[in-house]
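Taking it in order: structure first as structure tokens, then the write-up.
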């Protein structure tokens, strides 16, 4: 039986032996627990597998009931067109948003790639961008993640930067046709990656100078690479279009590590951000209890209304 239906049934049965005021109080508490979050957190396929089942569509319905209003799906481009459309149709029906997917048909990014300036990688990038436009139409996406690739040690840092800017300008000219925004993600989990810092990414976005080239500020990665989260968000604010979440150490849900997420979220909220906060992390607990604790953690750090 669905959790909310079970709770409602139990409360009605209890009313026969309990007081009406007690029932009303319990019912209000349950309803409040499932109100939409004040910030728009986007979960991934599998995050509510134990509570809702393996079917991603069922997880979306369940998460909606628990107050979530967006999803992310890094591997959306590897799904069939039919699957992409089913997800998009369900999101539209529920009034939910599609967060980022990764623009690539080869692993997670363009690997050794755009830093080299080689035409073969530019051609691949342009092909992937055109495919991404069709994927975005089917699932209703407005943002897509891009990682320019690895550091090319045979070239100077400045030449690599110029190569990346040139390639991203070409990608932007394709994406601008429908308004799909690629969000560049600096990462911490591989020292060979070219893009690692928020201000480096800010400079590249300014140089590309396109509404389709912005920053994905992953709080977990930036805590590891540079810290000073709130000040660096302020410095790069004009180019940030998307946030992702993960506590450090461990890369699990907020409240499990060192980042004071309530303060960070308050700051982002006060700056007027209305976008999506991607739940790009694991779960510290196991089974249904771990997933319930995940939801509770987001209730704890969701900032109060302004």
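Read-outs: derived from the displayed coordinates by stated rules, not from any lab. Worth saying up front: this structure is predicted, and the values here are computed from it rather than measured. Heads up, the Cβs are rebuilt from the backbone with ideal geometry, glycines too, and the neighbour counts pull from every protein chain shown.
Points to keep in mind about this one:
- Here each label is just a point 7 Å from Cα along the line to Cβ, and for residue 169 and residue 57 those points are 4.5 nm apart.
- Paramagnetic reach from residue 197 in segment 138-152 [backbone N under 17 Å; point 7 Å along Cα→Cβ]: 151-152
- Multiplying the residue separation of residue 286 and residue 299 by 0.36 nm and removing their Cα-Cα distance gives an extension gain of 2.8 nm.
- Helix 119-139 and the long axis of the chain differ in direction by around 30°, with both axes built from C-alpha atoms.
- Each Cα pair under 8 Å and six or more residues apart adds its separation to the average, and for segment 182-268 the resulting relative contact order is 26 percent.
- Most tightly packed first, judged by the mean number of other beta-carbon atoms within 10 Å of their residues, the peptides 294-302, 36-44, 191-199 read 36-44, 294-302, 191-199.
- Legend: calculated FRET efficiency, residue 209 to residue 177, from the Cβ-Cβ distance at R0 = 22 Å, rounded to 0.05, equals 0.85.
- Calculated from the structure at hand, P(r) over Cα pairs in 20 Å bins from 0, in percent is found among [x] 33, 60, 8; [y] 32, 55, 12, 2; [z] 29, 47, 21, 4, 0 as [y].
- Remark: relative contact order (the chain) = 16 percent; criterion is Cα-Cα distance under 8 angstrom and separation of 6 or more residues.
- Only helical runs count toward this figure. For the chain, summing -39,500 (n - 2.57) over DSSP H runs of n ≥ 4 and dividing by all residues gives -15000 deg cm²/dmol at 222 nm.
- Residues of segment 270-288 with amide N under 19 Å of the 7 Å Cα→Cβ point at residue 190: 280-282
- Span from the segment 252-286 Cα centroid across to the segment 50-106 one, whole angstrom: 20 Å
- Inter-centroid distance (Cα atoms) of segment 179-218 relative to segment 150-178, Å: 11 Å
- Take the Cβ atoms of residue 131 and residue 85, set R0 to 22 Å, and the FRET efficiency comes out at 0.90.
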